[in-house]
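Contents: one structure, followed by commentary.
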Amino acid sequence: MTEIQCQTEAELIDGRVHAEAVRRKVREAVSRIKDSHGLTPGLAVVLVGSDPASEIYVRSKAKQAVEAGMASFEFRLPATTGAEELLEVIARLNDDPLVHGILVQLPLPAHLDSSLVINAINPLKDVDGFHVSNVGMVGTGQNAIAPCTPLGCMLMLQRLHPDLKGKTALVIGHSNIVGKPMARLLLNADCTVIVAHKSSTNIPQLARMADIVIAAAGVPGLVKADWIKPGATVIDVGINRIPAPELGLQEDGSARTRIVGDVDFATVRHVAGAITPVPGGVGPMTIACLLVNTLLAFCHLHNIPAPGLQPD
Ligand code: GUN
């Protein structure tokens, strides 16, 4: 008798399609606001130094803000900028009525204290949701600006699971940018939340209990197929650049690289019920949610009712 191998295939959660739907909603809302109020939401992005990855992110954020019909203001400061000078730039942006969202790209050069800098931003303009006041409000279930990457994950999850109540979610990674706020948003949705991190000793066992796994550890291919409960939803936040000798050499003789996530996609996709790819999963949602946060900050600052932005 021949054995029939039956491999299932997870639903692919296409972040590019979701992000385009979110951007379209923002674009339409911005256009309506311009017509009705004669006002334009404005986003200011501050980059200190010239980290190549940060340069790419900042360019992309500014470009997408303009494409959404917003005003974009870019501030590029040398890596040697002192705290006082940076705080002055932030104070000016806090007072500028044309600026509704302020984002200081991280990481900052080592001599700058990022908490001090972030907490100098007017919390109502803190479109990253990193200010301690927004962290505290989200953490206590109040309406406040939530960090963009976890917010993007929540929008994708809510499409798949309109009612997240009672689902067991494992968040792997406890950074301030992703893991911790992700856990808070899942808790606010009444999930049972487990947070694992680099000191956790039993992540595979924890993962097997989870209906939802959010991988945000920054470790390429960490999450294996035998960790995953069949049918679970797997959201991969990892963006890891690894050598890819199979792609040959670059012109300068160095190995080509490729981007992979924290999930062993090739095998996990046969166990999970739904999964985000890398690239093309969570990544595009992050900037789309920055536009959402800028629009919401604008509405709050101008006392305009916030438009519904959940994609259809
Ligand atoms: N660096 C990496 N991710 C982010 C982010 O979401 N916001 C900011 N400001 N910097 C980052």
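The values are calculated or read from the model by the stated rules, or taken from the named source; none is laboratory data. What you see is a predicted model, and the numbers here were worked out from it, not measured in a lab. All Cβ positions, glycine included, derive from the backbone under ideal geometry; neighbour counts span all protein chains shown. The protein model used for the area step is the full one, side chains on, heavy atoms only, and it has no ligands, DNA or RNA in it. Shrake-Rupley method; radii C 1.70, N 1.55, O 1.52, S 1.80 Å.
Observations on the structure shown:
- Wholly enclosed helices (runs of 4 or more DSSP H) of segment 1-117 bearing at least 2 residues touching a strand residue (DSSP E or B) at 6+ places or on another chain (Cβ under 9 Å) and either within 16 Å of the ligand (Cβ to nearest atom) or free of Cβ contacts under 8 Å to residues at least 40 places away in the same chain (or both): 52-67, 83-95
- Residues in segment 116-129 that are open to solvent by 40 Å² or more (accessible area, probe 1.4 Å) and among the hydrophobic types (A, V, I, L, M, F, W, C) were compared, and the one that is nearest to the chain's Cα centre (by Cα) is LEU124.
- The residues listed here are LEU39, LEU43; of these, the one that is at pLDDT 95 or above, out of contact with any Gly (no Cβ under 7 Å at 6 or more places or on another chain) and hydrophobic (A, V, I, L, M, F, W, C) is LEU39.
- Looking at HIS161, HIS197, just one residue is in contact with a Lys or Arg (Cβ under 8 Å, 6 or more places away or on another chain), open to solvent by 20 Å² or more (accessible area, probe 1.4 Å) and not β-branched (Val, Ile, Thr), and that residue is HIS161.
- Among (1) crowded, with 18+ Cβ neighbours inside 10 Å; (2) over 22 Å from the mean Cα position of the chain (by Cα), the one test that PHE298 misses: (2)
- Subset of segment 100-137 [touching a Lys or Arg at 6+ places or on another chain (Cβ under 7 Å) and closer than 17 Å to LEU309 by Cβ]: HIS100, GLY101
- Among the residues of segment 136-150, just one is within 13 Å of the ligand (Cβ to nearest atom), of a type in the set (Val, Ile, Thr) and part of a loop (DSSP other than H, G, I, E, B), namely ILE145.
- Failed item, numbered, when SER133 is tested on (1) within 15 Å of the ligand (Cβ to nearest atom); (2) assigned to a helix (DSSP H, G or I); (3) at pLDDT 95 or above: (1)
- Selected residue (only one of VAL127, VAL193, VAL138 is more than 18 Å from LEU290 (Cα to Cα) and in contact with a helix residue (DSSP H, G or I) (Cβ under 6 Å, 6 or more places away or on another chain)): VAL193
- Residue ID - nearest to CYS289 (Cα to Cα), chosen from residues in segment 8-34 that are touching a Ser or Thr at 6+ places or on another chain (Cβ under 7 Å) and open to solvent by less than 30 Å² (accessible area, probe 1.4 Å): GLY15
- In segment 227-248, the residues that are buried (at least 18 other Cβ atoms within 10 Å of the Cβ) reach residues that are among the acidic types (Asp, Glu) with C-beta atoms within less than 6 angstrom, at least six apart or across chains, in these pairs: ALA232/ASP211; ASP236/ASP262; GLY238/ASP262.
- Test result for ALA274, in contact with a His (Cβ under 7 Å, 6 or more places away or on another chain), open to solvent by less than 30 Å² (accessible area, probe 1.4 Å) and over 28 Å from ALA53 (Cβ atoms): no
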